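> Please read through the structure below; I'll follow up with questions.
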Amino acid sequence: DPSDEEFNWNSSDDDGEVASTAASRNHDAPGSSTLAWSSSSVENFVRMGFERNMVLKAMKETGAGDADSLVLLLLTYKEIGSEHECTSSGYPPLAIENEDEDDNILESILESGFTNSDDSGAEDFLKEVSHRDMKLESIVSMGFPEAEAKMAIARCGPDAAVSFLIDSIQASQTAGEYYLGDFSNHEDNSNRERKKKRLMEGNKRKRTGFRDEVQGSRGPLYGSHDLMPLRNPMVGFNLPIEPFSSGDRWPSLPTQAIGPPYFYYENVACAPKGDWTTISRFLYDVKPEFVDSKFLSATNRKRGYIHNLPVTNRSPLIPLPPKTIFEAFPRIEKWWATWDPRTKLNCLRTRSAPAMLIENIGSTLASNEDPPPLRVQKFVLEECRKWNLIWIGKNKVAPLEPHEMELLLGFPPDHTRGITKTQRYRSLGNAFHVDIVAYHLSVLKELFPDGMNVLSLFSGIGGAEVALHKLGIRLKNVVSVEKSKVNRTVLRSWWDENETGTLHEIDDIQKLSLELIEEYVRRFGGFDLVIGGSPSNHHYCHGLDAEHSSLFYHYVRILEAVKSAMQRM
């Protein structure tokens, strides 16, 4: 099948891909009350990420036409379903929604106008893009973030009413706002109904602006506010460039945060509402340092870091990384479209652009004059920004190759060579930005002239280890915890070629028990640094409650255990 061949790049990784919504449809026949809803309404809710059988069940229960109650009920099903494996008589679990599913929905919309290579197909598509842009501008003018507006259009389709798109945005905001405690695995139906009712009431409060306190062991941070302020520009406490050579930092660290050991935790800066407050609370109320990598490299990548490291006397890696696209890839400058104003790339993704999209961009440009009409320029630039496409020939764009991503992220050449291309994209897209991490860790060089013992959690392909190595810090012992066999292979290969210390590998964070931590502390005399980042932090749509992101609490558990064990030495 030609279409299968087109998308082979998205089918091979040991971690697997989440199945698309279309692949998991349940074609249950609708009941009488469901018939009052149109088939397009069902499809709209399916595109939002809800299971078809869940949508049909909710429509039967809420009756005809009450979209607000339907959204609330679906969110409630989602919250219950995430904790239960339900039978046909219970509440069906939701499929996990992630960045790639949203991309698949958007790609189907984007590519639908290009099924024919003639000019009429391109023209129809461009009309659709223009229609979508008008809706986007309308929603943004109402005060909603542009990124969330785009996602709503991608989920619900370009023909969805503006009112429906706004409901979708509000539902998405509500879904990730609050931490919900664990439900028992042995609830009876009556208990489940009571929880359902309670959750429905909670969702209504969320929709009308109430803010529940995030659960945690400490009191509220920053007064009663649920949002962590992001500095603009996002330059952290300081960067080695003017005018950002000095920044803001709390006068002193909270007493309980002072090492040993030093700790360092990374997550996406634009996390769901309340997550950074929760992360900070669990990590001794330390203020996050938010940095956009565009100030030190040719890519935009917004991340937050909570750590107890000194912030003075930092130094960047030398030579400095390329700051622009043309500095990184000078050979492509001659092909760069005069109407493409980009000088930096956006956040590096965990997958490559679809081959069909690349082909369609080329055919559209070839069928128009140079420069093309503004509507064509707008479409091409939007896709180039989204997928980090670069110009490699006349009317020809292409996605970044893995070795180009390695360069942009500060990894050595061919760091990920030896695994499949799909695996390389995923591993690099979720990796540390070596130059940023090295800048923060550079203060450790003078503190540990004889080398360090490091506990590396969610190590990935070894971004932290590479950063310390580039700083000239000897790694005596590194305990690396990483689930992915592919990533462990990459790290082990690099280690054997570059380090003389000992790499201790653990394949499951839950295997790092209190007893094992105490054994390592006794053997090494303690850890000098506990470092880690949110697994799969490139797409963080469900926040700390998501399967991977919730592993943050293991980071907290392990850090506390290390501190306790070292205090008893």
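> Identify the single condition in (1) open to solvent by less than 10 Å² (accessible area, probe 1.4 Å); (2) farther than 28 Å from LEU407 by Cα; (3) modelled with pLDDT of 95 or more that PHE552 does not satisfy, given that it satisfies every other one.
Only one criterion is unmet by PHE552, namely (3).
> Of the numbered conditions (1) open to solvent by less than 10 Å² (accessible area, probe 1.4 Å); (2) of a type outside the set (S, T, N, Q); (3) closer than 25 Å to VAL556 by Cα, TRP495 satisfies every one except a single condition; which is it?
It fails just one condition, (3).
> Further question: Can you tell me which residue in the stretch 357-376 is farthest from ALA298 (Cα to Cα), limited to those that are open to solvent by 60 Å² or more (accessible area, probe 1.4 Å) and either in contact (Cβ under 8 Å) with a residue 60 or more places away in the chain or part of a helix (DSSP H, G or I) (or both)? Let's see the steps before the verdict.
Filtering the stretch 357-376 down to residues open to solvent by 60 Å² or more (accessible area, probe 1.4 Å) leaves 359, 366, 369-371, 374-375.
Next cut, either in contact (Cβ under 8 Å) with a residue 60 or more places away in the chain or part of a helix (DSSP H, G or I) (or both) only: 359, 366, 374-375.
Numbers: GLU359: 26, ALA366: 29, LEU374: 26, ARG375: 27 Å.
Across the stretch 357-376, the extreme among qualifying residues is ALA366.
> Does GLY532 satisfy being in contact (Cβ under 8 Å) with a residue 60 or more places away in the chain and farther than 16 Å from ALA464 by Cβ? Write out each step before concluding.
On the way: in contact (Cβ under 8 Å) with a residue 60 or more places away in the chain: yes; farther than 16 Å from ALA464 by Cβ: no.
Criteria not met by GLY532.
Per-residue answers, yes or no, for (1) of a type in the set (S, T, N, Q); (2) more than 17 Å from the chain's Cα centre (by Cα); (3) modelled with pLDDT under 95:
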{"residue": "ASP226", "(1), (2), (3)": "no, yes, yes"}
{"residue": "ASN232", "(1), (2), (3)": "yes, yes, yes"}
{"residue": "PRO251", "(1), (2), (3)": "no, yes, yes"}
{"residue": "VAL268", "(1), (2), (3)": "no, no, yes"}
{"residue": "LYS273", "(1), (2), (3)": "no, no, yes"}
{"residue": "LYS287", "(1), (2), (3)": "no, yes, yes"}
{"residue": "VAL291", "(1), (2), (3)": "no, no, yes"}
{"residue": "ARG303", "(1), (2), (3)": "no, no, yes"}
{"residue": "ARG314", "(1), (2), (3)": "no, yes, yes"}
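> Search the stretch 42-68 for residues that are closer than 21 Å to ALA152 by Cα and at pLDDT below 65 and pair each with any residue that is of a type in the set (Phe, Trp, Tyr) and buried (at least 20 other Cβ atoms within 10 Å of the Cβ) when their beta-carbon atoms are under 7 Å apart and the residues are at least 6 apart or on different chains.
none
> Does any residue of the stretch 331-344 turn out to be in contact (Cβ under 8 Å) with a residue 60 or more places away in the chain and within 27 Å of the chain's Cα centre (by Cα)?
Within the stretch 331-344 (the criterion being in contact (Cβ under 8 Å) with a residue 60 or more places away in the chain and within 27 Å of the chain's Cα centre (by Cα)), the answer is no, since none of the residues qualifies.
> Looking at the stretch 305-348, which of its residues are in a loop (DSSP other than H, G, I, E, B) and of a type in the set (D, E, K, R)?
ARG314, LYS323, ASP340, ARG342, LYS344 - these are the residues of the stretch 305-348 that are in a loop (DSSP other than H, G, I, E, B) and of a type in the set (D, E, K, R).
> OK, next. Restricting to the stretch 412-438, count the residues that are open to solvent by less than 10 Å² (accessible area, probe 1.4 Å) and either assigned to a helix (DSSP H, G or I) or at positive phi (or both).
6
> State whether one or more residues within the stretch 533-547 are surrounded by 14 or more Cβ atoms within 10 Å (Cβ to Cβ), within 24 Å of GLU266 (Cα to Cα), assigned by the TED database to the domain that holds THR278 and at pLDDT 90 or above.
Within the stretch 533-547, none of the residues are surrounded by 14 or more Cβ atoms within 10 Å (Cβ to Cβ), within 24 Å of GLU266 (Cα to Cα), assigned by the TED database to the domain that holds THR278 and at pLDDT 90 or above.
> Quick check on the stretch 285-295: of everything there that is assigned to a loop (DSSP other than H, G, I, E, B) and open to solvent by less than 10 Å² (accessible area, probe 1.4 Å), which residue is nearest to LEU441 (Cα to Cα)?
Narrowing the stretch 285-295 to residues assigned to a loop (DSSP other than H, G, I, E, B): 285-288.
Within this subset, residues satisfying the condition of being open to solvent by less than 10 Å² (accessible area, probe 1.4 Å) are 286, 288.
Numbers: VAL286: 17, PRO288: 15 Å.
Top of the filtered list is PRO288.
> Further question on the same structure: Out of the stretch 324-355, which residues are at pLDDT below 95 and open to solvent by 20 Å² or more (accessible area, probe 1.4 Å)? Give the steps one after another, and end with the answer.
Filtering the stretch 324-355 for residues at pLDDT below 95 gives 346-355.
Scanning the stretch 324-355 gives ASN346, CYS347, ARG349, ALA355.
> Does ARG385 satisfy being touching a Ser or Thr at 6+ places or on another chain (Cβ under 6 Å) and in contact (Cβ under 8 Å) with a residue 40 or more places away in the chain?
Numbers: touching a Ser or Thr at 6+ places or on another chain (Cβ under 6 Å): no; in contact (Cβ under 8 Å) with a residue 40 or more places away in the chain: yes.
No; evaluated as a whole, the condition is false for this residue.
> While we're on this one: Is there a residue in the stretch 460-474 that is surrounded by fewer than 23 Cβ atoms within 10 Å (Cβ to Cβ) and modelled with pLDDT under 95?
No.
> For the stretch 395-407, what are the residues that are open to solvent by less than 20 Å² (accessible area, probe 1.4 Å), closer than 30 Å to ALA366 by Cα and under 20 Å from the mean Cα position of the chain (by Cα)?
Scanning the stretch 395-407 gives LEU400, PRO402, MET405.
> With (1) open to solvent by 10 Å² or more (accessible area, probe 1.4 Å); (2) touching a residue at least 12 places away in the same chain (Cβ under 8 Å) as the list, and LEU309 as the residue in question, which single condition is left unmet?
(1)
The values are calculated or read from the model by the stated rules, or taken from the named source; none is laboratory data. As the structure is a prediction and not an experimental result, all values here were calculated from the model. When we count neighbours, we look across all protein chains shown, and the Cβ atoms used for this are built from the backbone with ideal geometry, even at glycine. Heads up: the accessible areas ignore ligands, DNA and RNA and are worked out on the full protein's heavy atoms, side chains in. Shrake-Rupley method; radii C 1.70, N 1.55, O 1.52, S 1.80 Å.
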